[in-house]
Amino acid sequence: MAKFDQTRFFQVKPAIYYGMNALDTLGTLDLTHVCIVTDAGMVKFGILKKITDVLDKYGITYDVFDDVQPDPTTDIVQKGLVNLMLKKPQALIALGGGSSIDSAKAIIYYGNAIRKMFSGSDVYQKPYFIALPTTAGTGSEVTEYAVITDPVRNTKIPLTDPQMLPDAAILDPRLIESVPAGATAATGMDVLTHAVEAYSSTNNNPFARCYAAKAAELVFKSLYDAYEDAHDLNAKASMQIASCMAGIAFNSSGLGITHSLAHAIGSQWHLPHGLANAIVLPYVVLFNGQDPYTSSVYGRLLSAMGILNISGNAPQMLMRSIEMLNREMNIPKSLQAAGIDEADYMENRGAIIGKAMNDVCTKTNPISPSIEQMLMVLDNVYYGTKNIEPEME
């Protein structure tokens, strides 16, 4: 009974609508006026029109706030919040990738703070929150986390609050049909990383493991097909579900040092988050697999994914399976192969480790790493080596 000797919490939210023509769900939600938070790319490439066509069809009026940019800033959030307070829509629709959904979450977060400050006032009323993800990767549509940037202090501000969980997520594969192959690969590997790390996290639970295992299975079954053929909507729909399920898993269980390192690497060299995760993940699996319990966990995950552990070494088998998928999608094997200069790497190596050690994801990694161990893993990631014992300096 050790795992059940205290009360724990698992929340299932939002309502999820998925499959072809899921966008038509917007017409069933009894809405009359909405505000759409998105970015200029969604306008330019006609994705926004897919949404407004549905809204027009059902006589729902809308305002569009399309100022979102990558790594959304406090300035953008403030501007979006003012727009929301002036327009007072019934629903807030976040259309886009993680940046748009994070921006909408931050707007909700700070709007709630204003409501608390002016209790009893109608200055701000929380709108119904709908997420329409246009990538199959972040899982942001089902998590209570967001990250925004303070441009003055040049720092990231992590936000977490159950109020930021969308009320509804709509997964329509037509929204991700035009995603380029490289982005499909990177975001898909982000999904796999969420699943593997949620499954093996020290804060895992039976609910999270169920979602994580199915998400990982779907990635291995569908990601390459989605990468190879942008118009394979069955594969794209499968990846949307995988992303969503992995998001539900890690929202409850947390992640690990793949994300800690990827956050720091991405910040330093502006690598897309999914690509950084894809490069780092095999090396972290090998490192964490030193722990006998985690090795057995990886064995159970392989079984759940339908991958036969022919070697009898679960960490090695999982690592090689990930590497094979990376290779099939032309993802570099190392940071050096990705074009990062060695002198630049050595100059910033210490700073990256400092950030990774302090990252919240490190707290739930199966092995609590020392600085020397984290340096060893990072060197493996850079050079493409497979050491699992640190070289003491």
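None of the figures in this text is laboratory data; all of them are computed from the coordinates on show. The shown structure was predicted, so the numbers you read here are calculated from the model rather than taken from an experiment. Neighbour counts run over all protein chains shown; Cβ positions are idealised from the backbone, glycine included.
Around the amide H of residue 73, modelled in the peptide plane, lie the amide H atoms of 149, all under 5 Å away and 5 or more residues distant in sequence or on another chain. Across the range 264-275, computed HN-Hα scalar couplings (Karplus, 6.51 cos²θ - 1.76 cosθ + 1.60, θ = phi - 60°) run 5, 5, x, 5, 6, 10, 6, 6, x, 4, x, 5 Hz from first to last residue, x flagging Gly and Pro. Per-residue Karplus couplings for the range 328-338, computed as 6.51 cos²θ - 1.76 cosθ + 1.60 with θ equal to phi - 60°, are listed in order as 4, 9, 6, 8, x, 7, 8, 5, 5, 5, 7 Hz, Gly and Pro entered as x. Taking every DSSP beta bridge that has both ends in the chain, the antiparallel portion is near 20%. Put simply, the amide H of residue 62, placed in the peptide plane, has neighbours under 5 Å in 34, leaving out anything fewer than 5 places away on its chain. Antiparallel beta bridges, as assigned by DSSP with both residues in the range 75-230, represent about 45 percent of the total such bridges. Spacing of the modelled spin labels on residue 15 and residue 43, each 7 Å from Cα toward Cβ, amounts to 3.0 nm. Close amide H pairs (under 5 Å, H built 1.01 Å from N) link residue 94 with 37, 130, 131, 132, residues at least 5 positions away or on another chain. Averaging the sequence gap over all C-alpha pairs within less than 8 Å and six or more residues apart, then dividing by the number of residues, gives the chain a relative contact order of 14 percent. Computing FRET efficiency as 1/(1 + (r/R0)^6) for residue 82 and residue 126, where r is the C-beta to C-beta distance and R0 is 22 Å, gives about 0.90. Treating only the Cβ atoms of Lys and Arg (+1) and Asp and Glu (-1) as charged, compute the dipole magnitude of the chain about its Cα centre; round to the nearest 20 debye. That gives the chain a dipole magnitude of about 920 debye. Pairs over the 27 Å Cα-Cα cut-off, from the set 49/126; 49/221; 57/88; 79/126; 105/355; 13/236: 49/221. Ordered by the number of other Cβ atoms lying within 10 Å of each residue's own Cβ, fewest first, 283, 199 fall into the sequence 199, 283.
Where only DSSP H runs of four or more residues are counted, the chain gives -17000 deg cm²/dmol as its mean residue ellipticity at 222 nm, each run worth -39500 (n - 2.57).
Converting phi to 3J(HN,Hα) with the Karplus coefficients 6.51, -1.76 and 1.60 and the offset θ = phi - 60°, the range 30-36 yields 6, 9, 10, 8, 9, 10, 9 Hz in sequence order, with x at every glycine or proline.
Averaging Cα coordinates gives a centre for the range 1-49 and one for the range 133-179; these two points are 10 Å apart. Here is the list for the range 2-46: chymotrypsin sites (Phe, Trp or Tyr not before Pro) lying in DSSP coil, each with at most 15 other C-beta atoms within 10 angstrom of its C-beta, are 9, 10, 45. Simple spin-label estimate for residue 368 and residue 313 gives 2.9 nm between the two label positions (7 Å along the Cα-to-Cβ direction from each Cα).
Here the spin labels are modelled as points 7 Å beyond Cα on the Cα-Cβ line, and at residue 304 and residue 152 they lie 4.5 nm apart.
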